[in-house]
Amino acid sequence: QVQLVESGGGLVQPGGSLRLSCAASGSILRLYASGWYRQAPGKQRELVATITSGGSTLYQDFVKGRFTISRDNDKNTVYLQMNNLKPEDTAVYYCKSYYGSAGYWGQGTQVTVSS
């Protein structure tokens, strides 16, 4: 059974930083592409960033230069380093593995950016 567990969310002031973690059971995060998504209240879930099994990364324009996706293969963990956070970054952040036909989602972690 594939399980993804996110952590690291919380309340931060504008301009602050957080690092989200997504830990997996097994090696799926190392062997397959994965991504971070977010969903703000009343909005659709949207892609934030992805990382391939080879380490190539892709970012949405609204986080370029502020967020960094990375992976620790030894720990089977994918990270999202978020810097210079803005109130509009407030959302539940989800990790997704693209393993399998439909992929697998974590349960989400809340990020709130507010003064």
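The values are calculated or read from the model by the stated rules, or taken from the named source; none is laboratory data. Bear in mind the structure is a predicted one, so any value in this text is a computation, not a measurement. With ideal geometry, Cβ positions are generated from the backbone for all residues, glycine too; neighbour counts draw on all protein chains shown. Surface areas here come from the heavy atoms of the whole protein model, side chains and all, with no ligands, DNA or RNA. Shrake-Rupley method; radii C 1.70, N 1.55, O 1.52, S 1.80 Å.
In this Cβ point-charge picture (+1 for Lys and Arg, -1 for Asp and Glu), the chain has a dipole of about 40 debye about its Cα centre. Close amide H pairs (under 5 Å, H built 1.01 Å from N) link A33 with S53, Y98, residues at least 5 positions away or on another chain.
Largest to smallest in accessible area, the residues S115, S70 fall in the order S115, S70 (1.4 Å probe, all protein chains included).
Taking θ as phi - 60° and the Karplus parameters 6.51, -1.76 and 1.60, the scalar couplings of the stretch 80-97 work out to 10, 7, 10, 10, 6, 5, 10, x, 6, 7, 4, 4, 8, 9, 10, 9, 9, 9 Hz in sequence order, x denoting glycine and proline.
Residue order by solvent-accessible surface for E46, E88 is E88, E46, largest first, with ligands and nucleic acids left out and a 1.4 Å probe. With the helix formula -39500 (n - 2.57) applied to DSSP H stretches of n ≥ 4, the chain reaches a computed 222 nm mean residue ellipticity of -500 deg cm²/dmol.
In sequence order, the stretch 8-13 has phi-based couplings of x, x, x, 9, 9, 7 Hz under the Karplus curve 6.51 cos²θ - 1.76 cosθ + 1.60, θ = phi - 60°, and Gly or Pro positions carry x.
Ordered by 1.4 Å accessible area with all protein chains kept, R66, R30 run largest first as R30, R66.
When the P(r) is computed for the stretch 5-94, the part past 19 Å accounts for 36% of the Cα-Cα pairs. Distances between placed amide hydrogens fall under 5 Å for T90 paired with V113, all partners being 5 or more residues away or on another chain. Taking amide H atoms as placed 1.01 Å from N in the peptide plane, the amide H of R71 lies under 5 Å from those of Y79, each 5 or more residues away in sequence or on another chain.
The mean sequence separation of alpha-carbon pairs under 8 Å and at least six residues apart, normalised by the residue count of the chain, gives a relative contact order of 37 percent.
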